[in-house]
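A quick write-up on the structure given underneath.
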Amino acid sequence: LFPQGQLLAKSWSSLFGGQSGAALRAPIYSFNGRNVLTDPLWPHRLAWHGSTPRGGHARRWDCQGWRSSGTAEGMATALGEGRLLAGHRHNCSTP
């Protein structure tokens, strides 16, 4: 059984905004039941979002049209960073 109903953030704005944003303390599970924050299958622990820090579409950095042979970059945030949209550019080929 997987825990359900765990609070990720107190409000929508605290999840994406503010000085520190949401500190993701609850486990995040993949579709096959693995804890993304602790499982070695997820070495980078990134949340890919393709957004600006304010939640807009980062048009040049969204991995749209990505091909495995390309060098495109997209916006993603390390899940332990605390601010979900405080992204940095990462190569779209990053697993």
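A short reminder: the numbers here are calculations on the coordinates, not readings from a lab. Since we're looking at a predicted model, the values are computed, not measured. Here the Cβ positions follow ideal geometry from the backbone for every residue, glycine too, while neighbour counts run over all protein chains shown.
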11 Å reach of a label modelled at ASN91, 7 Å along Cα-to-Cβ, counting backbone N of the range 53-76: 69-73
What percent do you get for the relative contact order of the range 44-94 when only Cα pairs under 8 Å and 6+ apart count? 39
Amide H proximity to ILE28 below 5 Å, modelled H, separation 5+ or other chain, gives VAL36, LEU37
Report ³J(HN,Hα) in whole Hz for each residue of the range 84-89, in order, from the Karplus equation J = 6.51 cos²θ - 1.76 cosθ + 1.60 where θ = phi - 60°; Gly and Pro get x. 4, 9, 7, x, 10, 6
For the pair SER30 and GLN6, the simple spin-label estimate (label points 7 Å beyond Cα toward Cβ) gives in nm 1.7
To the nearest 20 debye, the range 26-95 has a Cα-centred charge dipole, built from +1 on Lys and Arg Cβ and -1 on Asp and Glu Cβ, of 180
